[in-house]
Amino acid sequence: MNADFKKTLWATADKLRANMDAAEYKHLVLGLIFLKYVSDTFAARRAEVAARLTDPNDGYYYGEAGPEDLAAELDDRDYYREANVFWVPQGARWETLRNLAKRPDIGKHIDDSLALIESENPKLKGILDKRYARTQLPDGKLGELVDLVSTIGFGDTPDAASDMLGQVYEYFLGMFANAEGKRGGQFYTPASIVKTLVAVLDPHTGKVYDPCCGSGGMFVQSKKFIESHGGKKDDVSIYGQESNPTTWRLAAMNLAIRGIDFNLGREPADTFVRNQHPDLRADFILANPPFNISDWWHPSLEGDARWVYGDPPHGNANTAWLQHMLHHLKPTGRAGIVLANGSMSSSQNNEGQIRAAMVDADVVEVMIALPGQLFFNTQIPACLWFLAKSKKRKGEVLFIDARKLATMISRVQGELTDEVIDRIATTVAAWRGGPQTGASITIYEDHPGFCRSVPLAEIAQHGHVLTPGRYVGAEAVEDDDEAFADKIVKLTEKLGEQMAKGAELDAVIRAKLGGLGYEF
């Protein structure tokens, strides 16, 4: 989709927001995009089936059926179910809503449409947010929003509709996270961080799990990664959990738009206290849990089977998240987790002992220090932990320092480019001994200032601190072959010239201000 169109669409939608809080408005806009999606994919599938029913060369061909027979056949839900397309009743179709957009009770009609769709599709039961009738938008704005969403291109096939609306949904998720600032980070992990996690984990088949899945970005990126490497989205099963009810709905809609089958648990719930997948053992785990949360503990967690490496401190959940992931990992699985930098070095309460136990058990595979300013919600420096129960390279941890590798995309926001992500992912793949065909790095080597493979004994000597900068050292500086004595003379002369020039400028400024009566 044209990037300018998405920007224009966002600018118009944001203008219609008037004074409504972005956190509230987000649910109105994303809910309408979802409604447009289910209606578009339904219409595209209906048109496809109608064409095939009258094609003598197609398996669907319905002989000499008359118009009434064909109309009845088109209402057979099985045609839509087999294509993973939601059934949309007549009264809930987008064209019906668009014709009602100017009516003052359009909000009620939207809520009724969502209820109708839920009643016909058990998979969506309890997911769609019916808040349009009580919205606080000024009169007419909701109808204008319906008109705006109507401009999002209609796909000729279910796949085209899914792709187009999926792009808009993802773009708007990111823009809302930016608009919400600190709160936005609770449901959205910046794309370049998700891409890095996915590229290093390299998921292809099996069960993928995110125990704090936000709006489902990890799953969407996993699907893209699999398809870009020749696989199919159905090669993986998706399991997630999210405690925030509205974010849980965003995730379900995000995955449904992509045609991704999912299991987000029966309801939104706290991962530690009400684990929705207690028996799950996943092939891949990706997560960006909230940093340093202090109010997570509950007495029922005392002696929990997940705390294999030590009881997590009640005042910080970082080591609880790490142990939760390891508990749910298959013996051959891998996990990638985003955490605050403090998790790599903190010795408060029991954190240092837990980290040491994990290192000594050889379940820490790769540590990556991230640049600052990647997140919408925090400037806290962050890192990536990669865990594995059966490492290919035992007795060593790979450290990567990516702190200087960000590209600024705005005054306050940076990202890792695809080239940087590829460098990181291919370095890890080469270190594991399994580089991909055509990879830019095929044989692993330490690079001062960027990466180094470190034996566990050396990590123990450093008190089990896992900060990459401590191990990778400084980047080598190219030697210009100039003698030190000659260089220092030259630099001293240059400094003297600059100081003299500075004194001249000070005198000029003093004289100018004196001329204006401001002597000092």
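A few remarks follow.
- For region 1-159, relative contact order (Cα pairs under 8 Å, six or more residues apart, normalised by length) works out to 31 percent.
- Helix 141-150 axis versus longest C-alpha principal axis of the chain: approximately 90°, rounded to the nearest ten.
- Solvent-free Debye scattering, log10 I(q)/I(0), computed from the Cα coordinates of region 269-345 at q = 0.17, 0.23, 0.25 Å⁻¹: -0.65, -1.23, -1.43
- Dimensionless Rg/Rh of region 333-431 - Kirkwood Rh, Rg from C-alpha atoms: 1.00
- Semi-axes of the equivalent ellipsoid for region 34-98, computed as √(5λ) from the eigenvalues of its C-alpha gyration tensor and ordered from largest down, come to 23, 13, 9 Å.
- Per residue, region 207-260 exposes 30 Å² of accessible surface when a 1.4 Å probe is rolled over the protein heavy atoms with every protein chain present.
- When Rg and the Kirkwood radius Rh are both evaluated on Cα atoms of the chain, their ratio Rg/Rh stands at 1.07.
- Mean silhouette area of region 211-307, derived from the convex hull of its C-alpha atoms and averaged over all directions, reads 6.9 nm².
- Checking the cross-link pairs LYS36/LYS141; LYS207/LYS391; LYS404/LYS494 against a 25 Å limit on the alpha carbon distance flags LYS404/LYS494 as lying beyond it.
- Normalised by 2.2 N^0.38 Å, where N is the number of residues, the C-alpha radius of gyration of region 1-145 stands at 1.24.
- For the chain, relative contact order (Cα pairs under 8 Å, six or more residues apart, normalised by length) works out to 10 percent.
- Region 409-520, Cα convex hull volume normalised per residue, Å³: 274
- The aspartates and glutamates within cross-link reach of LYS108, meaning a Cα-to-Cα straight distance under 13 Å and a gap of 8 or more places when in the same chain, are ASP129.
- Stokes-Einstein, applied to the Kirkwood radius of region 1-76 over Cα pairs at a viscosity of 1.567 mPa s and 4 °C, places its translational diffusion at 82 µm² s⁻¹.
- With Cα atoms, 0 to 90° folded angle of helix 3-16 axis to the chain main axis: 80
- The loop-placed trypsin sites (Lys or Arg not before Pro) in region 204-294, going by DSSP, that have at most 16 neighbouring Cβ atoms within 10 Å of their Cβ come out as LYS232, ARG266, ARG274, ARG281.
- When peptides 166-174, 102-110, 483-491 are sorted by average Cβ neighbour count within 10 Å, with the highest value leading, the order is 166-174, 102-110, 483-491.
- Kirkwood-based Rg to Rh ratio, region 360-417, C-alpha trace: 1.11
- Listed by chain and number, the aspartates and glutamates whose alpha-carbon sits under 20 Å from that of LYS394, ignoring those within fewer than 8 places in the same chain, are ASP202, ASP283, ASP360, ASP362, GLU365, GLU445, ASP446, GLU458.
- With every protein chain in place, the chain: carbon and sulfur % of accessible area (1.4 Å): 51
- Based on DSSP H segments of at least four residues, each scored -39500 (n - 2.57), the chain has a per-residue ellipticity at 222 nm of -14000 deg cm²/dmol.
- Expressed as a fraction of 2.2 N^0.38 Å, the C-alpha radius of gyration for region 319-385 is 1.16.
The values are calculated or read from the model by the stated rules, or taken from the named source; none is laboratory data. For clarity, every value in this text was computed on a predicted model and none was experimentally measured. Note that we place each Cβ from the backbone using ideal geometry, even for glycine, and neighbour counts take in every protein chain shown. With ligands, DNA and RNA removed, areas are computed over all heavy atoms of the protein, side chains included. Shrake-Rupley method; radii C 1.70, N 1.55, O 1.52, S 1.80 Å.
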